[in-house]
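> Encoded as structure tokens, here's the structure I'll be asking about.
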Amino acid sequence: MPMRLPPLLRFWLPLLAVVTILGLVHALGGDHPSAQSIAMALLLTGTIALAGYLFAVIAQPERF
Amino acid sequence: MTSFPRVPFLRMPRGPRHERRHVERPRHQGLWRRALIDAVRKLDPRLTVTNPVMFVTWCGTALCLLLTLSPDLFDGPDAGQSRGFNGLISLTLLATLLFANVAEALAEGRGKAQADALRRTQARTEARRLADDGSIERVDSSALRRGDRVQVEAGDVIPADGEVIDGVASVDESAITGESAPVLKEAGSDVAGSVTGGTRILSDQLTLRITADPGKGFIDRMIALVEGAERTKTPNEIALTVLLAVLTQVFLIAVATLRPVAGFLGQAPSVVTLIALLVALIPTTIGGLLSAIGIAGMDRVAQFNVIATSGRAVEACGDVNVLVLDKTGTITLGNRLAEEFLPVGDHSVMDLAMVALAASCFDQTPEGRSIVRLAERLGATLAFDPSTARGIDFSARTRMSGSDTPEGVEYRKGAVEAIKGFVRSRGGQVPGALDDTFEQVSSLGGTPLAVCQGNAVLGVIHLKDIIKPGIRERFEQLRRMGIRTVMLTGDNPITAGVIAREAGVDDFIAEATPEDKISVIQREQALGKLVAMTGDGSNDAPALAQANVGVAMNSGTQAAKEAANMVDLDSDPTKLIDIVTIGKQLLITRGALTTFSIANDVAKYFAILPALFVEAGLGPLNVMQLASPRSAVLSAMVFNALIIPALVPLALRGVQFRPLSAEQLLQRNLLIYGVGGLVAPFVGIKLIDVVVNTLHLV
Amino acid sequence: MSPWPVAAVPLVLAVLTAPPLGRHLDALISDRPQPAWDRWVGPLEAALMRWVGDAGRPADSAMGYLLPLLVSNGLFGLVALVLLLLQPPWLNPLGFAGLRPDLALHTTVSFLTNTDQQHLVPETSLGNLAQLGVIQFLMFVSAATGLAVGFAVIRGFCGRPLGNLHRDLVRSLTRLLIPGALLVALALLLCGVPMTLAPPQVITTLEGARQTLPVGPIALFEAIKQLGENGGGFVAANGAHPYENPTLLSNLISTWAMLAIPVATIDAFGRCLGNRRQSNLLLVLVLALLLLGGAVAMVAEGAGNPALSTWLDGPNLEGKELRFGAPLTGLWAAVTTGTMTGAVNGSLDAAMPATLVVALFNLFLQVVVGGQGTGVAYLLVFVLLAVFLTGLMVGRTPELLGRKVEKPQVVWASLVLLIHPLFVLIPAALTLAGGTALAATGNPGPHGISEVVYEYASAAANNGSGLAGLGNGSPWWNLSTTVSLLGGRYLPIAALLALADGMRRKPALAPGPGTLRTDTTLFTLVTAMVLLILGALTFFPVLALGPIAEGLATVS
């Protein structure tokens, strides 16, 4: 049963992800980020998203 | 490859049910092939997302595969990442995912095979619909609607679920029950009045009123259920999913923070080893097998020829505190037999036998026939010509039966109170000895039937109940499992008490009416208890709906089957006890694998952490003396992947249940799965490490 | 003299005082009449309740208990924050200025959450008004808040309504904390602890140097600090300072005071439940863990540092007060971390790695006797998790105290498991990612990791002790630990209340042969294993990289 996001989240989540990635790229690589720091920023964002997903499962296991 | 999925039946005391001839069960042909294809198909992340543990594993696998292609993604070329090592870790992760998927697909496959077999019975047929004016039109079975009337005759497949409104016929229901003996169907009867679409009529002709629209019939529901199309997580599964998600979250944080923490010492571990650590720690064993356990539980119930309407119902079985059982058919064999004639007053045994014979000559019930046999054995003969006499049928209101001769002699037998009333109404006297004899029979656990001729009471027939062999032991087991049994019977309290004592039930309700059933259930539920019961008649429907687990007999009415959450295709009330065992087994299997999974983590830490941080001086923690950091990580991952297929048989078959007390069960299972879960990975990882190094894999 | 008998005295004393104190607590929990108390403090309580404007009806939901708790704590915090920011001239003889905003916030939240982590040197930054009106006031009300939560959770698990927060706050102050603190203060006064509003004494030392010795109303301060599991010292040296803890006797009283209420609360739980076997087994469990940890710490400190064994024999005397000795400081370290007090009578930063492992483990588990009121609540959460994990293995939906453990209970209980990873591991990782500069530690090795992790663990567990090698006065430290303090206090409280309220709404089943009893030795062992495994699994990596790596380095 594939999960469906509420419309509000469908708009905000990608935006939030982009902001997180940009922020992390800046924090890790400064003004001239290397390929590694961009990759690391993506990995961290992914990890945060995964943690968010797990919180969603914990809060509403019936939906999954 | 053929022997593996053939999961044996539970080892349980086998009653006469098993001696019956069953039609061939659907063969599990191509089960493995289908499971493997399904396992690959289930790699779709949109399907994995319903299982938090496996979804995290999925993400880790994807990342590892990426790092195999591009090892320098995160740490740059100086970090010395090895593509080969990353590839090996990716393979173990992929194997973990596939093994879990295969387990689920195998469990589902057995249900699908059963559904296919059922679907074959559903081939479209032509039906003869009766129009209002009595004319017959030929329509496709899919065009039938609720309320239509159809005619079927010998050789036809019954086009849809319905109730008989006219005719008597024998029907072959083996397609759904597996029982080859034909069943008699006739109008007006509570139990024999309903027919199921897809069964075949063998003789004569029936007129039916259709009770289900196309796609909503009994077989359709059964197909949906065994196929798992409507499978939703059960309450306990949901609670367990939460716990597993929390543990996964805890380990995700612990592992993700490990890189900066170790980075403080200048020893940030590589992303691949961190993924390996994460997947090793999150409970993949139970996460991968959780849904397979649930599906297999449903399937085991189905193998007992019971169709459960939901996994929730099977799970509830494990929690049942009280079983409400009908005496007849469950605790005692269905038929009571005449044991003895006990005359009262100055009547002789022969007088009594003669009158009993006269009162029973029209009685076709097993009890009536046994009275005739006993009387004839004693040499009694019929005093009138039965063709001229009139039989009086038993009714629940009069509670007696008998025969009237043309000369006006009334022979009656029936409940003692009813006969007393009858005799008084005819101006007779009730001898005082009747009550003594009545109590004498009752105290022996028998059912007393008083016999009279006109206004004279002749005596009492002692009908004896035969308690099913082995039932006492079953109740003893149930008691040890903490389940109370309540027997319901229409007998008087004394008889009921004796039978209850003999059978070993905990409680009984005598002279019970259908309303008593529901009030017993409500009373127990008010105490927070879960109640299971069986029933077949229409008047059982409210009680079946009220009970937490209601098992309807397939021979029962449509109303009962609708109200129940399980239907027993063999119509064997004792099966309730087996179903309770399956429910318990389901919960135990889940608990055991969860405990095992979590206990495994201790060893995995000792394998991976020292390997990760040799330079931080954690070398002495390498208690298993694994050869190298890389082989340690790889061995832990291989163990983690292999433990899933190793436990698949256990997940599908279920942990063997023993009727022990909770304390004993806990102690036993803790020793096996808790302590075993602590020790097994130490041994397993060490062995795999030896193999890995012998093969020079890293 | 062997330290073992001396160490045993406070523990034995705490066990002996548990039944009478437990009976008293049970009367508060169960709202039984207490004629003498009702006569003497009843009118005062009634007046206070009228002033609050609360009729005293029990809350009908978790929110009904939580909301007034948050409001009252918010108000306490607001007043305290303003007073610390301003430090008006009253009762402030040395004229200390107001605190920096981040420090004022951290100090307020730290004392409000019963943590008492101090990123300041109290004797050189706080006047008597701040010490009495802010710090000591918060010590009383934060302990009362903890007790109230404990009461509510016990009631919920026993199947009763959660109760009324204001009533519980008031009564735990009037009937337990204030009289108890007065008694302990009296005892400490007799040991020589000062109780005065006089200005600091300035003396000339033997070497001729001038030294300022801060005195103040220390005896009462000390009493509620220990009895209420607060732990924040009147002076920075805390229980190692002779004015706070002058003698072996005061040390003994202080150690007992830390243990007395948490131990008694567990006993009260059994009385309230009507099953003292259950509470006794839980007591045995937590006391065994405490004894084990205490013994490890005592042995480790007594044996000394193996890295120095070439030059030095004997115990590890670095950072110890000689009047207590190394082993008793080890015991204190175990008790102060186990009971979430956080007071110290020596330097934890100089303790042996094994002692640090014990201390961190106690902080992570939060149930080795546990904090004021919250200890028993966390313990019940672990019992519930143990029931859920292993209870399935008897073939029934797990039951705790006759009530079924289902999804909502698992959600709330596991939320408690998540608090520490969220509020310890994540900020510690962020701080360590910033290197020694952000962490402000002079230890780049494993000990630096220990210091940082300990600081956040102490904050999130509402303990308050710390490894002093950290320059934790920076805004980063103040603000990041404030988050951990708040998260580690109010989120679990909310979860615990929701859990307790959910439990009490379930029908209770009488136990039968098929139900898993929790009041058995076997199940107590199971609980111990679940505690150790869940606690260890989460924190083994940081323990391994911190104190364990440090310990392995000192051995090799």
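> Just one of (1) open to solvent by 10 Å² or more (accessible area, probe 1.4 Å); (2) within 14 Å of another protein chain (Cβ to nearest Cβ); (3) outside any helix (DSSP H, G or I) trips up C:Gly514, so point out which.
Of the numbered conditions (1) open to solvent by 10 Å² or more (accessible area, probe 1.4 Å); (2) within 14 Å of another protein chain (Cβ to nearest Cβ); (3) outside any helix (DSSP H, G or I), the odd one out for C:Gly514 is (1).
> Give the range C:282-315 a look and list any residue that's of a type outside the set (Val, Ile, Thr), surrounded by fewer than 24 Cβ atoms within 10 Å (Cβ to Cβ) and either in a loop (DSSP other than H, G, I, E, B) or in contact with a Lys or Arg (Cβ under 8 Å, 6 or more places away or on another chain) (or both), or say none.
C:Gly304, C:Asn305, C:Ser309, C:Trp311, C:Leu312, C:Asp313, C:Gly314, C:Pro315
> Scan the range B:394-423 for residues that are free of Cβ contacts under 8 Å to residues at least 24 places away in the same chain and among the charged types (D, E, K, R) and jot them down.
Hits for the range B:394-423 are B:Arg397, B:Arg399, B:Asp404, B:Glu407, B:Glu417.
> Being in contact with a Lys or Arg (Cβ under 9 Å, 6 or more places away or on another chain), closer than 10 Å to B:Ile165 by Cα and at pLDDT below 75 is the filter here, so list the residues in the range B:183-197 that pass it. Spell out how you get there, then give the answer.
Step one: of the range B:183-197, the residues in contact with a Lys or Arg (Cβ under 9 Å, 6 or more places away or on another chain) are B:192-195.
Next cut, closer than 10 Å to B:Ile165 by Cα only: B:193-194.
B:Gly193, the sole residue that qualifies.
> Moving on to the next point. Just to confirm my filter: which helices (runs of 4 or more DSSP H) fall fully inside the range B:448-567 and include at least 3 residues that are open to solvent by less than 30 Å² (accessible area, probe 1.4 Å) and in contact (Cβ under 8 Å) with a residue 60 or more places away in the chain? Don't jump to the end; show me each part of the working.
Working: elements: B:471-480, B:493-503, B:514-526, B:541-546, B:558-563.
Because the criterion is at least 3 residues that are open to solvent by less than 30 Å² (accessible area, probe 1.4 Å) and in contact (Cβ under 8 Å) with a residue 60 or more places away in the chain, the helices (runs of 4 or more DSSP H) in the range B:448-567 that meet it are B:493-503, B:514-526.
> From B:Phe341, B:Phe384, grab the single residue that is without any contact (Cβ under 8 Å) to a residue 40 or more places away in the chain, over 30 Å from B:Gln585 (Cα atoms) and not aliphatic (A, V, I, L, M). Break it down stepwise before answering.
Values: B:Phe341 fails: without any contact (Cβ under 8 Å) to a residue 40 or more places away in the chain.
After ruling out the rest, the residue left standing is B:Phe384.
> Between a residue in the range C:489-518 that is free of Cβ contacts under 8 Å to residues at least 12 places away in the same chain and any residue that is surrounded by 19 or more Cβ atoms within 10 Å (Cβ to Cβ) and assigned to a helix (DSSP H, G or I), which pairs come within a Cβ distance under 6 Å, given they are 6 or more apart or on different chains?
Note: no pairs meet the criteria.
Okay, residues lined up against (1) open to solvent by 10 Å² or more (accessible area, probe 1.4 Å); (2) free of Cβ contacts under 8 Å to residues at least 12 places away in the same chain; (3) touching a Pro at 6+ places or on another chain (Cβ under 6 Å):
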site: B:Ala212; (1), (2), (3): yes, no, no
site: B:Gly215; (1), (2), (3): yes, yes, no
site: B:Leu240; (1), (2), (3): no, no, no
site: B:Ala245; (1), (2), (3): no, no, yes
site: B:Ala276; (1), (2), (3): no, no, no
site: B:Ala292; (1), (2), (3): no, no, no
site: B:Gln303; (1), (2), (3): yes, no, no
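> Another one. Inside the range A:53-64, can you point out the residues that are open to solvent by 20 Å² or more (accessible area, probe 1.4 Å) and either part of a helix (DSSP H, G or I) or at the interface with chain B (Cβ under 7 Å from one of its Cβ atoms) (or both)? Before the answer, list the steps.
Going residue by residue through the range A:53-64, those that are open to solvent by 20 Å² or more (accessible area, probe 1.4 Å) are A:53, A:55-56, A:59-60, A:62-63.
Once the filter is applied, which keeps residues that are open to solvent by 20 Å² or more (accessible area, probe 1.4 Å) and either part of a helix (DSSP H, G or I) or at the interface with chain B (Cβ under 7 Å from one of its Cβ atoms) (or both), the range A:53-64 yields A:Tyr53, A:Phe55, A:Ala56, A:Ala59, A:Glu62, A:Arg63.
> Can you say whether C:Val367 is open to solvent by less than 10 Å² (accessible area, probe 1.4 Å), modelled with pLDDT under 95 and hydrophobic (A, V, I, L, M, F, W, C), as far as the supplied structure shows?
Criteria met by C:Val367.
> Which ranges mark the helices (runs of 4 or more DSSP H) fully within the range C:397-439 that have 1 or more residues being buried (at least 21 other Cβ atoms within 10 Å of the Cβ) and at pLDDT below 90? If you could, list the steps in order and put the result at the bottom.
Details: elements: C:407-420, C:426-433, C:435-439.
It comes to C:407-420, C:435-439.
> I would also like to ask the following. Conditions: (1) charged (D, E, K, R); (2) without any contact (Cβ under 8 Å) to a residue 40 or more places away in the chain; (3) assigned to a helix (DSSP H, G or I). C:Glu207 meets all but one. Number of the miss?
(3)
> Looking for whichever is open to solvent by less than 30 Å² (accessible area, probe 1.4 Å), touching a Pro at 6+ places or on another chain (Cβ under 9 Å) and farther than 29 Å from C:Val367 by Cβ here; the options are C:Pro214, C:Pro200. Which one fits?
Working: C:Pro200 fails: open to solvent by less than 30 Å² (accessible area, probe 1.4 Å).
Sole residue among the options that is open to solvent by less than 30 Å² (accessible area, probe 1.4 Å), touching a Pro at 6+ places or on another chain (Cβ under 9 Å) and farther than 29 Å from C:Val367 by Cβ: C:Pro214.
> Being assigned to a helix (DSSP H, G or I), outside the structural domain of C:Gln278 (by TED's automatic domain parsing) and of a type in the set (Val, Ile, Thr) is the requirement here; does C:Thr390 meet it?
In short, yes.
Here is a yes/no grid of residues against (1) facing chain B (nearest Cβ under 9 Å); (2) among the aromatic types (Phe, Trp, Tyr); (3) closer than 30 Å to C:Thr520 by Cα:
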{"site": "C:Val410", "(1), (2), (3)": "yes, no, yes"}
{"site": "C:Leu418", "(1), (2), (3)": "yes, no, yes"}
{"site": "C:Ala429", "(1), (2), (3)": "yes, no, no"}
{"site": "C:Gly435", "(1), (2), (3)": "yes, no, no"}
{"site": "C:Gly442", "(1), (2), (3)": "no, no, no"}
{"site": "C:Gly445", "(1), (2), (3)": "yes, no, no"}
{"site": "C:Gly448", "(1), (2), (3)": "yes, no, no"}
{"site": "C:Tyr456", "(1), (2), (3)": "no, yes, no"}
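> Regarding the range A:23-31, can at least one residue be identified that is charged (D, E, K, R) and more than 14 Å from chain B (Cβ to nearest Cβ)?
Within the range A:23-31, the first condition is being charged (D, E, K, R), and the residues that meet it are A:31.
Cutting the leftovers down to more than 14 Å from chain B (Cβ to nearest Cβ) gives us A:31.
Yes, that holds for at least one residue.
> Kindly provide the set of residues from the range A:32-52 that are open to solvent by less than 30 Å² (accessible area, probe 1.4 Å) and more than 7 Å from chain B (Cβ to nearest Cβ), ordered by number.
A:Ser37, A:Ala41, A:Thr45
> Another question, if that's okay. I'd like to verify a number: residues in the range C:98-122 that are more than 21 Å from the chain's Cα centre (by Cα), in a helix (DSSP H, G or I) and among the small types (Gly, Ala, Ser), how many? Lay out the reasoning, then the answer.
Kept after step one, since they are more than 21 Å from the chain's Cα centre (by Cα), are these residues of the range C:98-122: C:98-104.
From the residues that got through so far, the ones that are in a helix (DSSP H, G or I) too are C:101-104.
Going one step further and asking which of them are among the small types (Gly, Ala, Ser), we end up with C:104.
Adding up the residues that qualify gives 1.
> While we're here: Kindly list the number of the only condition in (1) surrounded by fewer than 21 Cβ atoms within 10 Å (Cβ to Cβ); (2) among the aliphatic types (A, V, I, L, M); (3) more than 7 Å from every other protein chain (Cβ to nearest Cβ) that fails for B:Met222.
Condition (1) is where B:Met222 drops out.
> Among the residues of the range C:46-72, write down those that are open to solvent by 60 Å² or more (accessible area, probe 1.4 Å), free of Cβ contacts under 8 Å to residues at least 12 places away in the same chain and part of a helix (DSSP H, G or I).
Narrowing the range C:46-72 to residues open to solvent by 60 Å² or more (accessible area, probe 1.4 Å): C:48, C:50-53, C:55, C:57-58, C:60, C:63, C:67, C:70-71.
Next, from what is left, pick out any that are free of Cβ contacts under 8 Å to residues at least 12 places away in the same chain: C:50-51, C:53, C:55, C:63, C:67, C:71.
Hits for the range C:46-72 are C:Arg50, C:Trp51, C:Met63, C:Leu67, C:Val71.
> Do you know which residues across the range C:446-485 are at negative phi, within 14 Å of the chain's Cα centre (by Cα), crowded, with 24+ Cβ neighbours inside 10 Å and not in a helix (DSSP H, G or I)?
C:Ala461, C:Asn463, C:Ser465, listed by residue number.
> So C:Leu365 fits all but one of (1) within 19 Å of the chain's Cα centre (by Cα); (2) more than 21 Å from C:Leu289 (Cα to Cα); what number is the exception?
(2)
> Return yes when C:Gly370 is under 17 Å from the mean Cα position of the chain (by Cα) and in a loop (DSSP other than H, G, I, E, B) and no when it is not. Give the derivation first.
Numbers: under 17 Å from the mean Cα position of the chain (by Cα): yes; in a loop (DSSP other than H, G, I, E, B): yes.
Yes.
> Follow-up question, since we're still on this one. Going through the range B:257-298 one residue at a time, which ones are within 13 Å of chain C (Cβ to nearest Cβ) and β-branched (Val, Ile, Thr)?
B:Thr257, B:Val261, B:Thr273, B:Ile282, B:Ile286, B:Ile293
The values are calculated or read from the model by the stated rules, or taken from the named source; none is laboratory data. Keep in mind it's a predicted model, so treat the numbers as computed, not measured. Glycine gets a Cβ as well: all are built from the backbone with ideal geometry, and neighbour counts include every protein chain shown. Ligands, DNA and RNA are excluded from the accessible area calculation, which covers all protein heavy atoms including side chains. Shrake-Rupley method; radii C 1.70, N 1.55, O 1.52, S 1.80 Å.
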